[in-house]
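To start, the structure under review is shown below, and the notes come after it.
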Amino acid sequence: MITKKSVSRRRPIAVGNWKMHKTVAESAAAARRLSRLLSGIRRLEVVIAPSCTALQSVGATLKGTRLRLAAQNLHWENEGAFTGEVSPVQLKEVGCRYVLIGHSERRRLFGETDNVAGRKVSSALRQGLNVIFCIGETLEQRRADQTAAVVREQLEKGLADVTGGSSDRIAIAYEPVWAIGTGQTAAALQISGAHEMIRRQLTEIFGPDSSEAIRVLYGGSVTSDNIAELAGIKNLDGVLVGGASLQTDGFAAIVKILDKMKRQDEKEGSEKCIFC
Ligand code: PEP
């Protein structure tokens, strides 16, 4: 039975991670089309994360729309001799409201540790950015029954300096590494189980009030074909979409299905509550 408690009041969110794809012109054109296709979306928050080179142009394109801009990475310092890096201050200047931190590709390919991710999280929050903090286990870790311990360590180290007061600017993206870019989406039961565990761990870290505001998303081979099943998971506050977000119309379809199903959940939840 749906009860008031089981229906989330957190604003659902869909994030498109374009990774190292699209030229500046292609990115701006996709952002323009997306903002047109999604102009009717009110409840769901939609965020796109283009390549660094396209941030300024996409930021300008999104100005005045409901879509939000995210960076895929940042350095923890505001300025300095850090060749090749981009600071939170620079990201805000081009219109970023969000930043992805701790993506498994950053961890796996660029040696980003939990401690480094933690420094980035603190810096981003200090500068007023919202953080999408990515966590998740590898296949070997899942098979060895280490998922809970791995996720716990990622959360504890990555959010070490976060105080309850800024927890509402954090979203956790649970992205099992084995599901990212593989076409192997986690099963609904695996996702809801992991989200339940993450929610429990967040409550232990931040306490019930502050943790309640934190959105927990799923990422890993989300497509327009499987979004309806994923959107039915009650403790899922949104999705982080990689490959499928590169197709503008496909990503718009994902957003629309998720928005519709989450609005439906809320409606059923509040209708139920009148009598409970
Ligand atoms: C991602 O990049 O975070 C991701 C989930 O990728 P994909 O959707 O392609 O698996």
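Every number here is computed from the coordinates shown, using simple stated rules; none is lab data. Quantities reported herein were computed from a predicted structural model and do not represent experimental measurements. Ideal geometry is used to build each Cβ from the backbone, glycine not excepted, and the neighbour counts take in all protein chains shown.
Can you compute the helix-only [θ] at 222 nm over the chain? Use -39500 (n - 2.57) per DSSP H run of at least 4 residues, normalise by all residues, nearest 500 deg cm²/dmol.
-13500 deg cm²/dmol
Full-extension gain between PHE82 and ASN235, please, as 0.36 nm times their residue separation minus the C-alpha to C-alpha distance.
51.1 nm
By its C-alpha gyration tensor, with a ≥ b ≥ c as the square roots of the eigenvalues, how is the chain shaped: rounded for a/c under 1.5, else prolate for a/b larger than b/c, else oblate?
Since a/c stays below 1.5, the shape of the chain is classed as rounded.
Report the charge-dipole magnitude of the range 2-275 in Debye, nearest 20, computed about the Cα centre from +1 at each Lys and Arg Cβ and -1 at each Asp and Glu Cβ.
940
Estimate the FRET efficiency between GLU196 and LEU109 by the formula 1/(1 + (r/R0)^6), using the beta-carbon distance for r and 35 Å for R0, to the nearest 0.05.
0.70
So which chymotrypsin sites (Phe, Trp or Tyr not before Pro) in the range 78-145 end up in coil per DSSP with only 12 or fewer other C-beta atoms within 10 Å?
Answer in residue order: PHE82.
Would you please give the FRET efficiency between MET20 and GLU204, computed as 1/(1 + (r/R0)^6) with r the Cβ-Cβ distance and R0 = 30 Å, to the nearest 0.05?
So the FRET efficiency works out to roughly 0.25.
Between the range 17-42 and the range 148-201, how far is it from one alpha carbon centroid to the other, in angstrom?
After rounding, the separation between the Cα centres reads 26 Å.
When the Cα centres of the range 231-253 and the range 113-141 are compared, how far apart do they sit, in Å?
Spelled out, the Cα-based centre of one part sits 21 Å from the other.
How high is the relative contact order of the range 2-275, in percent, with contacts defined as C-alpha pairs under 8 Å that are six or more residues apart?
Once divided by the residue count of the range 2-275, the mean separation gives 23 percent.
Within the range 127-276, how many Lys pairs sit with Cα atoms under 18 Å apart, leaving out pairs fewer than 8 places apart on the same chain?
Qualifying lysine pairs in the range 127-276: 7.
Between THR182 and ASP249, what FRET efficiency follows from the Cβ-Cβ distance if R0 is 25 Å, with the result rounded to 0.05?
0.60
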